[in-house]
Amino acid sequence: MAIVLVIMFAGPFVFIVMTAFMTDAQALSGSLWPHPFRWANFKDVFANTDLLRYAGNTMIYAGLSTLGVLISSVPVAYALAHLRWRGRQLALIVVLAAMMLPSQVTVVPQYVMFAKLHLVGHLAPLIVPNFFGDAFSIFLLRQFFLTIPQDYLDAARVDGAGEWRILRTIVVPLARPAISAVALFSFLYAWNDFFGPLLYVGESTNNWTLSVALANFRSLYHVQWNLTMAATLLFMLPVVLLFLFAQKAFVEGVTLTGVKG
């Protein structure tokens, strides 16, 4: 059964890889194995689109968005998990409500705000909101922070450490798996995001991300499936490699989060 499930999930990826190395005639035939392997497909993709520019835009968007989520979410999660202050439970309810709120609800007012700031057409509307916290990331980190023994923090307070120092020197090092998981979630979301870039930079080709560029490439070369799959493989490759290198921290962070309510 497990082998069947692996084949079902791996099948589409294998199809993409095989088609990416086929000639145009082979891609439109019933052939399953490229003969010969046509490496020039990838050269044609780079020749027909400004892939490096779009990759750079995507890296800026994903990298700064991830940084913003971590900077804004870690302190909030710590305050909800280990600080005692009036209104904490209400703030937690607000975070939970924000998790359940469909993103489409905030699209119109956000767009109007950035349009009045003359930022539409730039990457800023995609990046800036991440510096104001992410409800899912805050909740995930808060659940992990609850697993950190309170005695560690109390001992640091007795030694005279402030809350910011406790957060930097004790909580963050102990919570590296959860922080890594949140960073990976955020990076993958930004890398794969299509709606946001299409909405804000769809008319500005210089600021396109890879997802928008790939959709445009597919519409231009929809009959040349070998080139389309080669472009798709190039789009997927960075995140696949990232997950392979970070999977240990990712799995550990996800499995350990939520042990304590």
For this session: Determine the per residue accessible area of the range 115-246 with all protein chains present and a 1.4 angstrom probe, expressed in square angstrom.
Result: 51
Seminar exercise, completed: Per the rule of 0.36 nm per residue minus the C-alpha distance, extending ILE3 to ILE170 adds in nm 55.8 nm
For this session: With all protein chains present, calculate the accessible area of HIS35 using a 1.4 Å probe and round the result to the nearest 10 Å².
Result: 150
Problem set entry | Charge dipole magnitude, Cβ of K and R +1, D and E -1 - the chain, Cα centre, debye nearest 20 | 460
For this session: Taking the dipole about the Cα centre of the range 119-188, with the C-beta of Lys and Arg at +1 and of Asp and Glu at -1, give me whichever of ALA161, LEU141, ALA124 is farthest to the positive side.
Result: ALA124
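Could you tell me the relative contact order of the range 5-146? Use alpha-carbon pairs under 8 Å, at least six residues apart, and round to a whole percent.
With pairs under 8 Å counted, the relative contact order is 31 percent.
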Seminar exercise, completed: Taking a probe of 1.4 Å and leaving out DNA, RNA and ligands, the range 1-107 shows per residue an accessible area in Å² of 63
Exercise. Comparing TYR221, TYR78, TYR61, which has the greatest mean-square fluctuation in the GNM of the chain with Cα pairs linked when under 10 Å apart?
Worked result: TYR221
Exercise. What does the helix-only formula give at 222 nm for the chain: each DSSP H stretch with n ≥ 4 adding -39500 (n - 2.57), the total divided by the residues, and the result rounded to the nearest 500 deg cm²/dmol?
Worked result: -22500 deg cm²/dmol
Exercise. With θ set to phi - 60° and the Karplus curve 6.51 cos²θ - 1.76 cosθ + 1.60, what are the ³J(HN,Hα) couplings of the range 236-245 in order, to the nearest whole Hz, using x for Gly and Pro?
Worked result: 7, 4, x, 6, 5, 5, 4, 5, 4, 7
Exercise. Counting only protein heavy atoms, what percent of the accessible surface of the chain is carbon or sulfur at a 1.4 Å probe?
Worked result: 70
For this session: Mind ranking ILE166, ILE7, ILE179 by accessible surface for me, highest first, 1.4 Å probe?
Result: ILE7, ILE179, ILE166
Exercise. Between [x] 17.9; [y] 13.7; [z] 13.0, which matches mean projected area of the Cα convex hull in nm² calculated for the structure shown?
Worked result: [x]
Seminar exercise, completed: Here the net charge surrounding TYR221, from other residues whose Cβ is less than 13 Å away from its Cβ (Lys, Arg +1; Asp, Glu -1), is -1
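The values are calculated or read from the model by the stated rules, or taken from the named source; none is laboratory data. Everything numeric in this text was worked out from a predicted model, so none of it was measured. Note that each Cβ is placed from the backbone with ideal geometry, even for glycine, and that neighbours are counted across all protein chains shown. Accessible surface areas use protein heavy atoms only, side chains included; no ligands, DNA or RNA. Shrake-Rupley method; radii C 1.70, N 1.55, O 1.52, S 1.80 Å.
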